[in-house]
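Engineer: Before we start, here is the structure in question, set down as structure tokens.
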Amino acid sequence: MGLFRIIYVSDAVGAAGEGLMPLIDIIGVSDRNNRRDHITGVLVRHDHRFIQAVEGARVDLDRLMARLAADRRHASIRILQDAPVEARAFDGWAMALIEPTDRLKAWLDAESLGGPDAGPRAQALLVEASRPS
């Protein structure tokens with residue numbers, strides 16, 4: 001069973017884009033589901049957008065992405081990276097909410113979410129943001 005990583009960006013809809021309680025709910029449910037499915041990852045919310053990296057088995061990630069596609073708190077899900085990986089970059093976190101760094105905010109604000117380097121750039125910025133300061 002191989003390991004895969006998906007990084008996506010979506011528009012945060014309604015209260016999910018700015019409210020604290022919807023974000024707490026998302027993290028709580030995601031943590032529980034991801035532990036059950038052996039998925040690890042991080043989530044960032046910035047300026048009414050989510051960017052998330054999730055890692056796990058193909059079947060579990062496909063099931064997760066189907067749930068996200070049906071979730072009314074997300075719109076316009078755009079996959080930046082979907083690739084097999086040798087190791088987890090976010091091991092130990094079923095779902096960690098991280099604060100965006102200034103570099104990650106600038107990248108998200110610049111709408112530079114397309115192109116062949118979008119996935120690797122997003123991964124590097126998420127790894128950077130997930131490190132303790």
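Engineer: At 222 nm, what helix-only mean residue ellipticity would the chain give, in deg cm²/dmol to the nearest 500, using -39500 (n - 2.57) for each DSSP H run of four or more? Don't skip to the end; give the middle numbers.
Structural biologist: Numbers: 4 runs with 52 residues, N = 133.
Helix-only estimate at 222 nm: -12500 deg cm²/dmol.
Engineer: Please report the accessible area of S76 (heavy atoms, 1.4 Å probe, ligands and nucleic acids excluded) in Å², nearest 10.
Structural biologist: 70
Engineer: So, one more: Using the heavy atoms of the protein chains alone and a 1.4 angstrom probe, what is the accessible area of segment 4-127 per residue in square angstrom?
Structural biologist: 49
Engineer: Of the accessible area of the chain, with the probe set at 1.4 angstrom, what percent is carbon plus sulfur?
Structural biologist: Values: 3760 of 6950 Å².
Taking all protein chains in place, the chain shows 54 percent carbon and sulfur surface.
Engineer: Something else: What fraction of the DSSP beta bridges in the chain is antiparallel, stated in percent and rounded to the nearest 5?
Structural biologist: On the way: 23 of 25 bridges.
That works out to approximately 90 percent antiparallel.
The values are calculated or read from the model by the stated rules, or taken from the named source; none is laboratory data. Please read these numbers as outputs of a predicted model, since none were measured by experiment. Ligands, DNA and RNA are stripped out before the accessible areas are found, and what is left, the full protein with its side chains, is counted by its heavy atoms. Shrake-Rupley method; radii C 1.70, N 1.55, O 1.52, S 1.80 Å.
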